[in-house]
Amino acid sequence: MAETVGDYVLQRLRDWGVEQVFAYPGDGINGIVAAFGKADNQPRFVQARHEEMAAFEAVGYAKFSGRVGVCMATSGPGAIHLLNGLYDAKLDHVPVVAIVGQTARSAMGGSYQQEVDLQTLFKDVASD
C-alpha cells in the first residue's frame, strides 16, 4: 500500500518525539485520523470532546511535561475553535503545534461551506 500524506505527517511527528496528539475528528483531517490506525496509534490519538478542548489539552500537556503539545482539528469552524488554546500557549510561551484541515484546493474561493482563510486566521497567534 502506498504511503499517504497522513502516514508521512505521523512519521514526522514520531521523528520529532511527539507521543500524543489531542484532536477532534472531522472530514478535513480524515486522512490523518485514518493514518493513526495504520501507525499502531503512534503517536497516540487522544480524542477530545470539542476542538477547543483539544487545544487546551495540548497546552496543558506542554506546560506540565515540558514537551511540545500537538492539537488537531478539521477546517473552518474546527480550526477556529483551536484559537483560545493557541493564544494561551502563545501568551505563556509554550510550544504547541496545530494541525488543521483545509478546504479542497479545487473548491477554494467558491464559498464552500467550511472555507476559512486559515493563513489570515492564524497569522497573529502563530507569529512567534
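The values are calculated or read from the model by the stated rules, or taken from the named source; none is laboratory data. Predicted model, so just to flag it, every value in this text is computed and none were measured. When we count neighbours, we look across all protein chains shown, and the Cβ atoms used for this are built from the backbone with ideal geometry, even at glycine. Protein only, heavy atoms only, side chains kept; ligands, DNA and RNA dropped before computing areas. Shrake-Rupley method; radii C 1.70, N 1.55, O 1.52, S 1.80 Å.
Assorted remarks:
- Whenever a residue of region 26-47 is part of a loop (DSSP other than H, G, I, E, B), its partners that are crowded, with 17+ Cβ neighbours inside 10 Å, lying with C-beta atoms within less than 6 angstrom and at least six residues away or across chains, give the pairs GLY26/THR74; GLY26/GLY78; ALA39/LEU10; PRO43/LEU13; PRO43/VAL18; PRO43/GLN20; PRO43/VAL21.
- Scanning region 15-27 finds one or more residues that are among the charged types (D, E, K, R) and in contact with a Ser or Thr (Cβ under 8 Å, 6 or more places away or on another chain).
- Where helices (runs of 4 or more DSSP H) fall entirely within region 59-128, those with at least 3 residues that are at pLDDT below 85 are at 118-122.
- Members of region 66-104 found to be open to solvent by less than 10 Å² (accessible area, probe 1.4 Å), within 17 Å of ARG49 (Cβ to Cβ) and in contact with a Gly (Cβ under 6 Å, 6 or more places away or on another chain), listed by number: GLY78
- Selection from region 7-25 of residues that are surrounded by fewer than 19 Cβ atoms within 10 Å (Cβ to Cβ) and part of a helix (DSSP H, G or I): ASP7, TYR8, VAL9, GLN11, ARG12, ARG14, ASP15
- Subset tally (residues that are more than 26 Å from TYR8 (Cβ to Cβ) and either open to solvent by less than 80 Å² (accessible area, probe 1.4 Å) or under 12 Å from the mean Cα position of the chain (by Cα) (or both)) for region 38-52: 2
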